[in-house]
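Everything below concerns the one structure shown next.
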Amino acid sequence: MSHDAIPKTVLVTGCSSGIGKTVAYGLKELGFIVYPTVRQLKDANALIKDGFDVIQLDYAEPNSVGAAFSTLMQKTQNQLFAVFHNGAYGQPGAVEDLSREVLEKQFATNFFGWHQLNNLILPVMRQQGYGRILLNSSILGFIAFPMRGAYNASKFAIEGLFDTLRLELNGTGITVSLIEPGPITSDFRKNAKVAFEENIYNQPKILDVSPHQEHYKQVMARLNKEGNADPFTLPPEAVLKKVVHALTSRRPKIRYPVTFPTHLFAVLKRLLPHAWLDWVLRRVS
């Protein structure tokens with residue numbers, strides 16, 4: 001089947017707001033058949049009103065992942081051109097204050113769920129002989145910032161796992177692309193605040209004894225800041241542009257950096273000695 005004749009059916013996860021929602025609407029306008037997912041059904045109303053066939057998916061729950069895949073296959077007659085893995089959240093906190101349970105929860109949503117769903121999708125794409133796998137990674141998938149250890153780890157893991165998968169899929173007609181945004185306008189900071197309060201800031205056993213008490217006050221101030229907390233923040237349409245290229249190009253790129261900081265730190269990581277790069281990361285964070 002020629003590239004132009006392939007049905008352009010795309011699964012986009014994490015569409016209740018921000019990047020996922022923008023990508024879903026943008027692809028729909030371009031003629032793609034988009035199936036957006038939301039974690040909670042209450043977030044589906046606006047999407048349904050606008051004509052989307054919404055699927056419920058909670059990456060953290062294995063049964064939800066399996067049910068979402070089954071529903072998708074019923075709706076698409078067992079075909080799928082592409083998936084854009086996007087649903088995720090960030091857990092702030094110093095590494096030494098992150099319990100095993102908190103880290104497992106971060107990975108359940110940001111890593112294990114993505115892997116589980118992808119392994120369900122891959123046999124379909126192999127049978128077709130084509131497919132595109134897109135993953136919304138991050139600048140924090142290759143650069144580590146303080147107080148973001150859980151999220152850093154989950155994105156580093158995504159990059160490592162799917163770099164490996166890309167090599168293993170050579171010659172199958174299935175491509176793998178990593179989107180690497182820096183600061184993007186979204187609800188990410190609002191959701192991070194909820195996780196920070198629940199697992200760090202409102203936990204006396206942690207906050208009262210942590211050597212990072214003063215730093216946590218700065219973290220909370222940043223999470224409470226109105227508007228964009230980071231310079232060079234771009235709207236989610238910047239990510240949409242890269243997703244469109246990855247879906248429409250005959251040779252999609254392996255990595256798509258988004259925002260100036262992502263481009264900058266990719267260069268600095270190659271050029272600077274590790275100690276110098278650490279100094280820069282401590283200063284900018």
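Which pairs, out of Lys42/Lys205; Lys105/Lys193; Lys75/Lys241; Lys49/Lys242; Lys49/Lys155, put more than 23 Å between their alpha-carbon atoms?
Cα-Cα > 23 Å for Lys42/Lys205; Lys75/Lys241; Lys49/Lys242; Lys49/Lys155; rest within.
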So, in nm, how far is label Ala275 from label Glu29 when the simple model puts each one 7 Å beyond its Cα toward the Cβ?
-> 5.1
Contact order normalised by residue count of region 162-268, Cα under 8 Å, 6+ apart, percent | 44
Per the 1/(1 + (r/R0)^6) rule, R0 = 22 Å and r from the Cβ atoms of Asp50 and Arg255, FRET efficiency to 0.05 is 0.10
Given H placed on each backbone N at 1.01 Å, which residues far from Thr9 in sequence or on other chains put an amide H within less than 5 Å of it?
-> Ile33, Phe81, Ala82
What number, in nm² with one decimal, is the all-direction average of the projected area of the convex hull of the alpha-carbon atoms of the chain?
-> 15.4
For an R0 of 25 angstrom, estimate the FRET efficiency from the Cβ-Cβ distance between Leu268 and Arg166 and round to the nearest 0.05.
-> 0.50
Which value results when the Cα radius of gyration for region 21-166 is divided by 2.2 N^0.38 Å?
-> 1.10
Residue-normalised 222 nm signal for the chain, counting each DSSP H run of n ≥ 4 as -39,500 (n - 2.57), nearest 500 deg cm²/dmol, is -14500 deg cm²/dmol
Under 5 Å from the placed amide H of Arg255, counting only residues 5+ away or on other chains, we find Leu178
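In percent, how large is the relative contact order of the chain, given Cα pairs closer than 8 Å and 6 or more residues apart?
19
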Rel. contact order, % - alpha carbon contacts under 8 angstrom, at least six apart, region 23-151 | 27
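Values in this text are rule-based calculations from the coordinates and carry no lab data. It should be emphasised that the depicted structure is a prediction, and the values quoted were computed from it without experimental measurement. Please note: Cβ atoms are built from the backbone with ideal geometry, for glycine as well, and neighbour counts cover all protein chains shown.
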